[in-house]
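Report on one structure; see the data block that follows.
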2 protein chains.
Amino acid sequence: MATNDLVQSLEKVSIKPSATIIHAETSSPARWKDALTASGSAPASFELIKTFIYKPKTAKTATPVPVVVIAREETETNSGAIGKKLNLKELRLASEDLLTEFFSLDKNSVSPLSLSESNFSRVLTVLDQSISSSSSTFAVHANSSSQTLFLSGKDIESYLKKLETADVKVQELDFQALSTAPAAAAPASKSVAKEKEGAKIEGAVQIAIGVKKELDFPTWYTNANMLDYYSVSGCYILKPWSYSIWEEIQSWFNTEIKELGVQNSYFPMFVSQSVLEREKDHIEGFSPEVAWVTRAGSSDLEEPIAIRPTSETAMYPYYAKWIRSHRDLPLKLNQWNSVVRWEFKNPQPFLRTREFLWQEGHTAHLTKAEADVEVRQILDLYRQVYEDLLAVPVIPGIKTEKEKFAGGLYTTTLEGYIPTSGRGIQAATSHCLGQNFSQPEMFNIFVEDPNDGSKSYVWQNSWGLSTRAIGVMVMVHGDNQGPGASSARSEHSGVIVPCGITAKTTDEQRAQINNACEDLAKTLKKSGIRAKADLRDGYTPGYKFNDWEQKGVPLRLEIGPHDLAKQQTLSVRRDNGVKNPIPLANIGQTVDALLKTIQSDLFARAKEQYDARVVEVTKWEDFVPALDNKCIVAIPWCHTEACEDDIKERSGRAAEPQDERAPSAGAKSLCIPFDHSRWTPIEPSKTKCPACNMDAKHWTLFGRSY
Amino acid sequence: MATNDLVQSLEKVSIKPSATIIHAETSSPARWKDALTASGSAPASFELIKTFIYKPKTAKTATPVPVVVIAREETETNSGAIGKKLNLKELRLASEDLLTEFFSLDKNSVSPLSLSESNFSRVLTVLDQSISSSSSTFAVHANSSSQTLFLSGKDIESYLKKLETADVKVQELDFQALSTAPAAAAPASKSVAKEKEGAKIEGAVQIAIGVKKELDFPTWYTNANMLDYYSVSGCYILKPWSYSIWEEIQSWFNTEIKELGVQNSYFPMFVSQSVLEREKDHIEGFSPEVAWVTRAGSSDLEEPIAIRPTSETAMYPYYAKWIRSHRDLPLKLNQWNSVVRWEFKNPQPFLRTREFLWQEGHTAHLTKAEADVEVRQILDLYRQVYEDLLAVPVIPGIKTEKEKFAGGLYTTTLEGYIPTSGRGIQAATSHCLGQNFSQPEMFNIFVEDPNDGSKSYVWQNSWGLSTRAIGVMVMVHGDNQGPGASSARSEHSGVIVPCGITAKTTDEQRAQINNACEDLAKTLKKSGIRAKADLRDGYTPGYKFNDWEQKGVPLRLEIGPHDLAKQQTLSVRRDNGVKNPIPLANIGQTVDALLKTIQSDLFARAKEQYDARVVEVTKWEDFVPALDNKCIVAIPWCHTEACEDDIKERSGRAAEPQDERAPSAGAKSLCIPFDHSRWTPIEPSKTKCPACNMDAKHWTLFGRSY
């Protein structure tokens, strides 16, 4: 519907918008409201509206009937409850394709006014009762996110009613009743269902206003310009914002491993079937996810060729060839590459993607002692990546037998924690493979022992860190305003915005301010700070502030005429909003120190949050409530696999008795932390495992996880 | 055949080796000989033998009969001539698999003594007549490259004759007659056939001794520890040696493009079929080589998914999405990734591989003028990579219409030259795509023109540099002794070897020398020089010298007791063998300067060589002889495609009248050089094209090429 047609439609039902605003676009409702208010032409008081398009589960051959939900910004909408009320199965946020098909609009532009005679009868329209009954004025997009109209609740209702046909009517729902009723009955299931709504999105979009971090990381990543969805499902584009963080990690980690004598190399992405399947335990873990190339050009290949899911089996035949003598040991190679694991369940940006970037280190040693040392050295490097570079606290430990790497001897791990979901997340792992892969029936990698001349099979390690790290960082430090990256690891660590330029500013003054910004950026760059002067024309300072906040740049520096006169800049911290003028003299050092403070503050806050959520549990009845309270649980554990399975089963069932569609939210073992000093020491044959009452062996962390 | 069996076999024909030597392994015949001589237990004078295994063209269902050629090291063996003589088609060097099948030996261990009763009748044995008739002693491997026997020519003949059966006899050939006869008749075809022998190798090996750079780069790369063959044909492992050069290129190029405002990012390796096939001209160029994923785990995919052969079509749908306003321009993204082009013809390490690493830059601009400037800026960065980093001279120019990038507007290129083959090689290209990909029927990428509000389709460029660069560097600077990398770009630029340690050296003295080497390495590293102290036990200095020479480390520094006393080190240049003692004081600066001198000397030599081989030709009759003389030909050209096709056809036919199996060695246009100042200016309608006699337009380079 073109704007002219829209105006005519409105006139038909005697609607006159109280104002039209151009250009107040932002994905944050609070900011959007501020921006509209600031524009001067908005009404004195108004509310925001959100519009979601859902698609119910539909037979593949049938045309879906999308559900358009129009609600007040602060109304809680729960797709499970809506579906139940409407008797529709598995409502999911609609894909962008579907939006285009039904509304010829992108996600930022869909609003109640996108409904027209041509599409109304093909969708199911649901209106928040509290809109039609309200006397407020509402801000509504008019088929373009850059155009906003102000309408009363009644006007919106009239507009929609006008579109009704004999068969198709607007459904008005009391969302408040909808959201409180089941909540009283089953407090646990509500949050699970909400989480799930967020987790289930694949190539989906949520409509502009009201993107909440807790619900919808994917949309939020896109808005923040970190990544974009891609036409092949489960694959994502890493935009410069997130790729630059990966480059920082690469650069730091490369320096460290080179110090340890590790060399970089590159092995082909293809693995022949016979090589891939050499290690049975190992391949069992990966085979359901392997992508196979069977055709080149128009010719079928004689044998299908796999794309590596990891490179143990691709590399080790050559280790056998290259390692001829103990003098060739240790052999320490690393690769930066991408691997493919074609998971069919719930791809999620950064966390679970079909192709992902990582490094994989593969080393061979003469002795177990040497291999053991390296496993821990690497794990500690990973800890530094998370804690020092990304300001993300992690707990190092060892995986249980059940959770260790397929085919390895033992696995060490870093476990992170996502406060908004209360879930644990595996951050990086460093495995000792033992002598499993070097055995004669496997890859047969041996040397003559230099001491006694005996055949000595090599001890191997493998270790990997992936772009998941970026996702973890953002989930830990992000907020409703954007990714809120830690200081050192955003695309820019400081952005400089010229301010105070008005209609009265002379060209000369403007040039002076802009030059000062440019100069400041140059000075900071010389001190090794990734600074950027944002001199874009045609955008207000407010727009720029919001833009960079969303992108998570940790420090903003403003320069206006007043600052120029005083030879200072106004610094504004992204993490806590604190403003402080700082002198331009010695600015490199000052900003560097300030960034370091921001970084350590971020880490301290996140650490405090994590620590507060790791709770000691010694009675089973406290276990599930602690999980439900978004905690990681430490128990004195018996270390038996049967008990581990049982814990998962019981904590899963207990958590979600009502909702059979919810993902299994049973608690898995996360790790046996190396440091258990904070818990009461286990007394042999006295301390009991709270899950099975057998003798406890180690303090072990359990939690719901990604 | 175990060594004991071998001894028995020799005894049967009354052969007693005059000496047995262990451990004198090297791929260079000259060095091997030196090492044997130095061992002390070798005869006073002896000659070397080479053994090649060829496979003739055989029906797929038939068992091949390998041809074992045993010749003196200096005998010229020509597979074409041997094949003709024996009436066998297309002799090719045998694959490693075939060696294992017939001899149960690796390539380094095959020798005349590998022939035994169990395999003799299954192969065709060809013996150099000049061996059996010689009175020399020959050094022969005894089924292990670490064991060398010394036998007379007669002994070798007797050994082989003993294996003869009623049906299968040893063939003795007069190789000298073989190689001189056709040479007189067709001088051109000989070198072509020899080149071909080298070029045709796929996963093939040439037997240990006598690996000549001209013939057999692949084996030579492997020996030099640069790469290894891989179980998936056409794919190669980049070992640390070559990968470290790639890292150097990445680091330098990243800094430069970031200065130009280019940002790194990562797009998925997968491309959906519909997106891939959007641009017809473009995909026509790539579709025969696209690898398709059709299965994941055990499930067939609904639609096959391509692995990117290049990313234009994968990226540009998102350019259309992201570029909404002229303020979003220019958009400049780059990726470091790998792409797959499943070529079926002659994979070659570095030059033609099914998967290769590269960077691909993709930029969008408001105006053609801006795009034009960037195309040349990037081309000049590529020139600096080749000339300044790798010391490889290149000629920048523009591709003809016939040779430009599929779907682009024009292509600029750097053309290199490989002296040993006399061929040109495309080194890197920077394309202006014009507005082809941005058109509405293509990816529809436009903005409103900021001046007049008109719809303005963006101007796009794409540009790429691949790991081929490493291959070119090595082919230009390598010699029979190894890759001979240019100074700055070997894995190490300087290696420090402790010398003068004898049986009389005390432990303390030895520790002093080793410490001095370690200290020197540390000092050099502090000056940013990639130095390494080679303190390996159990290897002689001579072994180490040879090892590092083979690996192409440009500078060797020796420290012995004498040097220690004088606080100096003996420097030895890899490129010219010049030795000079240099004081340890201020060593960082001295070595840095020396490395720079080596680098510029290498470049100057290669440039002189290239310049000397670019010849001006104005008469057709000089054209093919110039090609045959390993030259690149500059002609004043008419710039018509028909003439270009004709030149290729005629220069191909003319060059190899006798050999219908030779690869098309017709000359292609390489480029129209930007700088044509060295040639006689073209006079409009006076200067004629020597190929078709039409009016000449531009000086254009033609040559045989890779």
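Need a quick list: helices (runs of 4 or more DSSP H) entirely within region A:514-633 having at least 3 residues that are crowded, with 21+ Cβ neighbours inside 10 Å and within 29 Å of the chain's Cα centre (by Cα). Talk me through it step by step, then tell me what you get.
Details: elements: A:541-550, A:561-566, A:587-613, A:623-628.
Where helices (runs of 4 or more DSSP H) fall fully within region A:514-633 and carry at least 3 residues being crowded, with 21+ Cβ neighbours inside 10 Å and within 29 Å of the chain's Cα centre (by Cα), they are A:541-550, A:587-613, A:623-628.
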Exercise. So which residues in region B:153-180 are over 12 Å from B:VAL123 (Cβ atoms), aliphatic (A, V, I, L, M) and touching a residue at least 12 places away in the same chain (Cβ under 8 Å)?
Worked result: B:ILE156, B:LEU173, B:LEU178
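Quick one: in region A:399-418, which of the residues that are part of a loop (DSSP other than H, G, I, E, B), at pLDDT 90 or above and not charged (D, E, K, R) is surrounded by the fewest Cβ atoms within 10 Å (Cβ to Cβ)?
Taking the candidates together, the pick is A:LEU409.
Among the helices (runs of 4 or more DSSP H) contained in region A:70-169, which hold 3 or more residues that are among the acidic types (Asp, Glu)?
Values: elements: A:79-86, A:96-103, A:129-132, A:153-162.
So the answer is A:96-103.
Looking only at residues that are farther than 30 Å from B:ASP452 by Cβ and part of a loop (DSSP other than H, G, I, E, B) in region B:271-328, which one is farthest from the other protein chains (Cβ to nearest Cβ)?
Within region B:271-328, the subset farther than 30 Å from B:ASP452 by Cβ is B:271-277, B:280-311, B:313-314.
Checking the rest, the ones that are also part of a loop (DSSP other than H, G, I, E, B) come to B:277, B:290, B:297-298, B:308-311.
Working: B:GLU277: 13, B:VAL290: 6, B:GLY297: 4, B:SER298: 7, B:ARG308: 11, B:PRO309: 10, B:THR310: 15, B:SER311: 11 Å.
Top of the filtered list is B:THR310.
Counting only residues that are hydrophobic (A, V, I, L, M, F, W, C) and within 23 Å of B:PHE267 (Cβ to Cβ), how many does region B:343-365 have?
Residues flagged as hydrophobic (A, V, I, L, M, F, W, C) and within 23 Å of B:PHE267 (Cβ to Cβ) within region B:343-365 amount to 4.
Just to be sure, is B:ASP695 modelled with pLDDT of 95 or more and exposed (fewer than 13 other Cβ atoms within 10 Å of the Cβ)?
no
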Exercise. Is there any pair with a first residue in region A:570-589 that is in the same structural domain as A:GLU558 (by TED's automatic domain parsing) and a second that is surrounded by 11 or more Cβ atoms within 10 Å (Cβ to Cβ) and part of a loop (DSSP other than H, G, I, E, B) whose Cβ atoms are under 6 Å apart and which are 6 or more apart or on different chains, and what are they?
Worked result: A:ARG574/A:PRO554; A:LEU584/A:GLN567; A:GLY588/A:SER527
Seminar exercise, completed: Of the residues in region B:359-380, those that are surrounded by fewer than 19 Cβ atoms within 10 Å (Cβ to Cβ) and under 28 Å from B:GLU343 (Cβ atoms) number 0
Exercise. Does at least one position in region B:498-505 carry a residue that is modelled with pLDDT under 85, surrounded by fewer than 21 Cβ atoms within 10 Å (Cβ to Cβ) and among the small types (Gly, Ala, Ser)?
Worked result: yes
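From the list B:VAL126, B:VAL110, B:VAL65, which one is closer than 26 Å to B:ASN346 by Cα and without any contact (Cβ under 8 Å) to a residue 60 or more places away in the chain? Steps first, please.
Values: B:VAL126 fails: closer than 26 Å to B:ASN346 by Cα; B:VAL110 fails: without any contact (Cβ under 8 Å) to a residue 60 or more places away in the chain.
Just a single option satisfies the conditions, and that option is B:VAL65.
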Problem set entry | Selection status of B:SER242, more than 23 Å from A:PHE356 (Cα to Cα), more than 7 Å from chain A (Cβ to nearest Cβ), small (Gly, Ala, Ser) and assigned to a helix (DSSP H, G or I) | yes
Exercise. Being of a type in the set (Asp, Glu), at the interface with another protein chain (Cβ under 9 Å from one of its Cβ atoms) and either in contact (Cβ under 8 Å) with a residue 12 or more places away in the chain or over 15 Å from A:TRP336 (Cα atoms) (or both), is that true of even one residue in region B:254-266?
Worked result: no
Exercise. Looking at region A:338-347, is at least one residue more than 8 Å from chain B (Cβ to nearest Cβ), touching a residue at least 60 places away in the same chain (Cβ under 8 Å) and surrounded by 23 or more Cβ atoms within 10 Å (Cβ to Cβ)?
Worked result: no
Problem set entry | The listed residue being free of Cβ contacts under 8 Å to residues at least 60 places away in the same chain, surrounded by fewer than 21 Cβ atoms within 10 Å (Cβ to Cβ) and under 16 Å from B:TRP292 (Cβ atoms), out of A:SER298, A:SER272, A:SER311 | A:SER298
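Yes/no per residue for (1) of a type in the set (A, V, I, L, M); (2) buried (at least 22 other Cβ atoms within 10 Å of the Cβ):
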site	(1), (2)
B:VAL392	yes, yes
B:ARG423	no, yes
B:LEU433	yes, yes
B:ASP449	no, no
Problem set entry | Selection status of A:PHE350, assigned to a loop (DSSP other than H, G, I, E, B), within 27 Å of A:HIS477 (Cα to Cα), among the aromatic types (Phe, Trp, Tyr) and touching a residue at least 60 places away in the same chain (Cβ under 8 Å) | yes
For this session: Would you confirm whether any residue within region B:320-330 is over 30 Å from A:ASN254 (Cβ atoms), at pLDDT 90 or above, of a type outside the set (A, V, I, L, M, F, W, C) and not assigned by TED's automatic domain parsing to the domain that holds B:GLY407?
Result: no
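Name every residue in region A:219-235 that is under 18 Å from B:LEU333 (Cβ atoms) and either at the interface with chain B (Cβ under 7 Å from one of its Cβ atoms) or free of Cβ contacts under 8 Å to residues at least 24 places away in the same chain (or both), in order of residue number. Walk me through how you get there before you give the answer.
Taking region A:219-235 and keeping what is under 18 Å from B:LEU333 (Cβ atoms), we get A:221-222, A:224-231, A:235.
Matches in region A:219-235: A:THR222, A:ASP228, A:TYR230, A:SER231, A:CYS235.
The values are calculated or read from the model by the stated rules, or taken from the named source; none is laboratory data. Remember, it's a predicted structure, so these values are computed and weren't measured experimentally. Ideal geometry is used to build each Cβ from the backbone, glycine not excepted, and the neighbour counts take in all protein chains shown.
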